[in-house]
Amino acid sequence: MPALKPSSILGLLVLSLFILIAIFAPWLAPHAPDQTLGMSWDLPGPNAILGTDNLGRDLLSRLIWGTRVSLGVTALAALVAFAVGCTLGFIAGLRGGWLDQVISRCNDIVMAIPTLILALIVLAVLPKTIPVLTLVLGLLESTRVLRVARSLAVDIGVMEFVDVARLRGESLGWILWHVILPNALQTLIAEFGLRFIFILLFLSALSFLGLGIQPPTADWGGLARDNKDGILFGVWAALVPGGAIAVLALAVNAVADWLMSGTTRVWGRKG
Amino acid sequence: MSLLTVTKLSVVSAGKNPRTLVDNVSFTVKCGEVLGLIGESGAGKSTIGLAILGHCRQGMRIETGSILFNGQELTTLSDRRLRQVRGRHIAYVAQSAGAAFNPAITLGEQVIEAALRHKVYDRQQAQAKAIELFELLGLPQPQQFYQRYPHQVSGGQLQRAMIAMALCAGPELLIFDEPTTALDVTTQLGVLKAISDVIRISGVAAIYISHDLAVVAQISDQIMVLQQGKTVEQAPVEQLLTQPQQDYTRRLLHAQGEVKTPQAGEALVALFIDNISARYHAQAVLQNVSLTLPRGRTLAVIGESGSGKSTLGKVICGLLSPEAGEVSLERQTLPASLRQRSRTQLRDVQLIHQIPDTALNPKERVGSQIARVLACFSDLSRSQRDTRVSELLAQVGLHAELAERFPSALSGGQKQRVCIARALAAQPKLIVCDEPTSALDPLVARDVLALLRKIQQDTGISYLFITHDLQVVREIADDVAVLKAGRIVRQGPVASTLVEPLDDYTRELLRSVPEMRVGWLEETLTA
C-alpha cells in the first residue's frame, strides 16, 4: 500500500462515513422517508433539521435513506461492470487474435453511442425496477472497465511467468484467476473507485430525468429533481443532495488517487 | 591536477531503518583519466555515479562526504547551480539507451539539446558538432542519422547516439553507467571501440561503471573494486589484474569456473530436432535447423542477438509452432502446439528464462509457485508437496524458509535458483535454459552454472543451453551449435568445434568476448 497522505485520510474518513450512513439508515433517520411532517419547504426546525421537501417530508431522513439507495445501486452496478468487464477484457487481452477483435470491436461500437442516450432508450422500453436499472448501469459502464482490463491483461500476458503457466498446461480460467488477476488487482481497485463515481453521477442523472429510481423511493438524483423548483423561490433543498454527491465524489477520488499512486509497475528492473 | 575529488562519501537510504549504500568512499579522477568502478549489483556503483551528478535516487540521501569538481563543492550546490554543471560539465551515459531517448523526437535534436540549453553553441554549430560526433563514433551516414527516430536504429547505434548526446556540450567528465551491459558481444565490441576512441581523441575524463572486469580493464587507467558500498581495493589496471591484494578481487578475476570435461561414449538421443523452420509473421527466423542432443549431455546454442536462438527454445517448448519440421523427445514426436501436448509431454520439457524477475509471478509466494508444478504433474498430497518444496529448495542451495517469501524479497541469484527448483519440480527429461546466467553478476553466475552441472551429474538430465557467452559454453556444454540468421553454420563437440579453422562468423563471436588483460581491445581491433 502506498503511504497515506492527509487528503487520502480525509477521503477514507468521508467515504466510511457515507458507507456507515447507508448501512445504518433505518436507525439514523429521524423519520420514515415518506412520512409527511408539514408544509412544502418548511424552514429547518427542531422536527426537521434540514427542513422539509416539496411534499412536506423530512429532507434529512430522505437524504439518509437516499444514501442507502444511491450507494447500494451504484455499488452493485459497479460490481456488475467489473465482473463483466474484467472477464471479457482479460480473455480478449490474453487470447488475442480474432476473439480479441470480436470482443474489442463490439465494445467500441457500444462505446461509440452516447451512454446517457443509450440508457434513456433502454430504460424507456424496460421496466424501471431497481434490478433492471442496476444491470443496465453495470453493463453500460463495463465497456470502460473492459478497455482497462484488456490493456492490463496484454501487459501482464507478455510476462514470462504467464508463459511458465501455459507451459504447465494450465487452463485459461486458472491463468486469469491466479496469475493475471493478482497482478492487475491494485490498478483495478483504483479503477473501481473512479467507475463508482461515474456510475453514481450517471444514476443521479437518470433519476433526475425521471428514468432512474422511481418515486416514492428516495435517492440523491430524485431528491434534486423533486426540489429543483424550490430554487426559484430561494429554497436550497435541491442543493443538499447535490452537495452530498460532490462530497462523495471528492472523497472517492482522493482514495482512488492514493491507490493509483502505488501502481507504477516496472518489470524486471535491474538496480 | 585532479578534476574530481570525492572524499569520504556516504549515501544512506532514508526511511525507517536507514541502510548505508555507499560507505566512506574516496577517490580522485585527473583530467583525461578513466576510473573504472566495478562490483556486483547492489555494490553502490551507480549510486556513486549519480551522486557525482549531485543526484540521489528517490529514498536516498548523501549523508557525509564531499564531492569537489573543478574546485566546486557539489554536495552543497543549489538545484539551479547544479543544473548548470549537469550536462554541461559532467554528462551521464545510462545503461539502457532505449529507455533514455524520447521516441517522438529525432535523435539529432535530442543530441544537441544540452548544448543549446547551456548556450554552448547556436543551433547550426550544435548540428555540425553532432554530425561530427556521429562520424567519430562510427555511425553510418551521419547526416541521415541525425534525422532518424530512436526506433529506426539498432541498440548498439542507440547506445552510441547517447554517447554523442553526452559529449555534445563538451563536458570535462563523463560517467558511463554499464553502457554495454545490455548489448550482445559483437555489438559490445563496436561500442567499446567507440568509447575508447572518443576518450582518447577528446581527452575527456571518465568514470566507467560495470560489473564486467574484463570490459573495465580495456577502458580504464585505474580500477576501484566495490563490495556492498565499501571500497575493496583501488589500483592501476595492470597492477590490479596481475597483483590483486584482496581476496574478493582475486575471486572476481577468477569468476570463470572450470572447463567441463566432455563425457565419453555413446548415449541415447534425448532430443532430436529435425529440419525445423519457423517464422514470425512474414519474417523467417529459423531455417532448416536440425540438431541432436544425447541424454545426460548439454548442447549449447550460440549466436548473436537476432540469430534465432530463443525462437528455437520456444519451438522446442511448444510456445511457437514451427512452419515445418519436427521435434522429438526420446523418439517420441512432440506435437507442435502446446495445447496438443499431453501432460507427460509438458512435464518432460521445462524452460528456465533469462531474467528471473519476470519469470516468477511477483504476487505469489515462491513456495506456492513450486508447489503448483507438483500439483500439476504429480499425485503428491498437500503436505507431501510442502516437504518436496523444501527438498527442492535445498537441492538448489536455498533455505526452506524462503518458500514463504515473495520473489521481490529475494536476490537475483536466489530468484534464478528458485526458477531452477521450479523446473526440477516437474522431474523433466530436458531443460531448455535461455541465457539463465546473463542477467546475473559474474560470481553469482558461476555458482548457478556449477549448480546446473551438479544437477546434471546427479539426475542425468539433458540441457539445451542458449547463450551468447562463449565462456559459459566451455563451462557447461558438451556439444555446441552456432546459429547465424536462423541457420546452423557449425556444430559438433565443444573441444573440436570452437578451434581453428573457423568461419568468419564464429571467429567474430569468439574474438568479441572481452579477455581480462590490458590491451585486448586494441589487439582485437587491429587484428
If each DSSP helix of 4+ residues adds -39,500 (n - 2.57) and the sum is divided by the residues in the protein assembly as shown, what number results at 222 nm, nearest 500 deg cm²/dmol?
-15000 deg cm²/dmol
Please list, by residue number, every one of the trypsin sites (Lys or Arg not before Pro) in the stretch B:291-389 that is coil in DSSP and has at most 13 other beta-carbon atoms within 10 Å.
B:Arg331
Dipole of the stretch B:1-156, Cα-centred, from +1 at each Lys and Arg C-beta and -1 at each Asp and Glu C-beta, to the nearest 20 debye?
440 debye
Cβ-based charge dipole, the stretch B:149-259, positive-most Cα from B:Gln222, B:Gln246, B:Val198:
B:Val198
Using the Cβ atoms and a cut-off under 12 Å, what net charge is assigned to the surroundings of B:Leu252, where Lys and Arg are +1 and Asp and Glu are -1?
-2
How large, in Å, is chain B by the Kirkwood hydrodynamic radius built from its alpha-carbon pairs?
25.1 Å
Percentage relative contact order, the stretch B:1-128, counting C-alpha pairs under 8 Å, at least six apart:
22 percent
Specify which residue in the list A:Ser8, A:Gly38, A:Ala75 is farthest towards the positive end of the charge dipole of the stretch A:2-81, using unit charges on the beta carbon of Lys, Arg (+1) and Asp, Glu (-1), about the Cα centre.
A:Ser8
Looking at chain A as a GNM with Cα springs under 10 Å, which of A:Leu28, A:Leu88, A:Leu146 has the largest mean-square fluctuation?
A:Leu28
Normalising by the residue count of chain B, find the relative contact order in percent from Cα pairs under 8 Å and 6+ residues apart.
15 percent
Return, for the Cα atoms of the stretch B:339-388, the radius of gyration and Dmax in Å, separated by a comma.
12.5, 32
Accessible surface, chain A, averaged per residue in Å² (probe 1.4 Å):
47 Å²
Which of the GluC sites (Glu not before Pro) across the stretch B:270-375 are loop residues per DSSP, with 16 or fewer other Cβ within 10 Å?
B:Glu323, B:Glu330
For the stretch B:3-58 and the stretch B:213-250, what is the separation of their C-alpha centers, rounded to whole Å?
16 Å
Count the net charge of all other residues whose Cβ sits under 14 Å from the Cβ of B:Tyr121, scoring Lys and Arg as +1 and Asp and Glu as -1.
+1
So how much accessible surface do B and A hide from each other in total, probe 1.4 Å, in square angstrom to the nearest 100?
2100 Å²
Each label sits 7 Å from Cα toward the beta-carbon; between A:Leu10 and B:Ala99 the label points are separated, in nm, by 3.5 nm
Hey, how many Å between the Cα centroid of the stretch B:296-359 and the Cα centroid of the stretch B:88-135?
43 Å
Unit-weight point scatterers at every alpha-carbon of the stretch B:1-59, Debye formula, q = 0.13 1/Å: log10 I(q)/I(0) is -0.36
With all protein chains present, how much of the accessible area of the protein assembly as shown (probe radius 1.4 Å) comes from carbon and sulfur, to the nearest whole percent?
56 percent
The set of residues whose placed amide H lies less than 5 Å from the amide H of B:Gly36, leaving out same-chain residues fewer than 5 positions away, is B:Tyr208, B:Asp221, B:Gln222, B:Ile223, B:Met224
Run the simple label-point estimate for A:Trp236 and B:Arg250 please: 7 Å along Cα→C-beta, distance reported in nm.
8.4 nm
In percent, what relative contact order does chain A have, based on Cα pairs under 8 Å that are 6 or more apart in sequence?
26 percent
Per residue accessible area of chain B, 1.4 Å probe, in Å²
43 Å²
Give me the Kirkwood hydrodynamic radius of the protein assembly as shown in Å, from all C-alpha pairs, to one decimal place?
30.9 Å
Dipole axis of the protein assembly as shown (+1 Lys, Arg; -1 Asp, Glu on Cβ), positive-most option in B:Leu37, B:Val327, B:Ala481:
B:Val327
Over the residues of the stretch A:8-57, compute the C-alpha Rg and express it relative to 2.2 N^0.38 Å.
1.44
Give, in nm to one decimal, the length gained when the segment between B:Arg117 and B:Thr76 is fully stretched (0.36 nm per residue of separation minus the Cα-Cα distance).
12.5 nm
Rounding to the nearest 20 debye, state how big the charge dipole of the protein assembly as shown is about its Cα centre with +1 on each Lys and Arg Cβ and -1 on each Asp and Glu Cβ.
940 debye
For chain B, the longest principal axis of the Cα atoms and the Cα long axis of helix B:442-459 enclose an angle in degrees, to the nearest 10, of 0 degrees
From the Cα gyration tensor of the stretch B:156-290, with a ≥ b ≥ c the square roots of its eigenvalues, which class applies: rounded if a/c is under 1.5, or else prolate if a/b is larger than b/c, or else oblate?
oblate
What distance in nm separates the simple spin-label points at A:Cys106 and B:Thr7, each placed 7 Å from Cα in the Cβ direction?
7.3 nm
Taking accessible area as the heavy-atom solvent-accessible surface of the protein chains with a 1.4 Å probe, which residues of the stretch B:357-401 lose no less than 50 Å² upon going from the isolated chain to the full protein assembly?
B:Thr358, B:Asn361, B:Lys363, B:Arg372
Just the projected area, averaged over all directions, of the convex hull on the alpha carbon atoms of the stretch B:120-162: how many nm²?
3.0 nm²
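The values are calculated or read from the model by the stated rules, or taken from the named source; none is laboratory data. The structure displayed is predicted, hence computed values, not measured ones. Glycine also receives a Cβ, built like all others from the backbone with ideal geometry; neighbour counts cover every protein chain displayed. Ligands, DNA and RNA are excluded from the accessible area calculation, which covers all protein heavy atoms including side chains. Shrake-Rupley method; radii C 1.70, N 1.55, O 1.52, S 1.80 Å.
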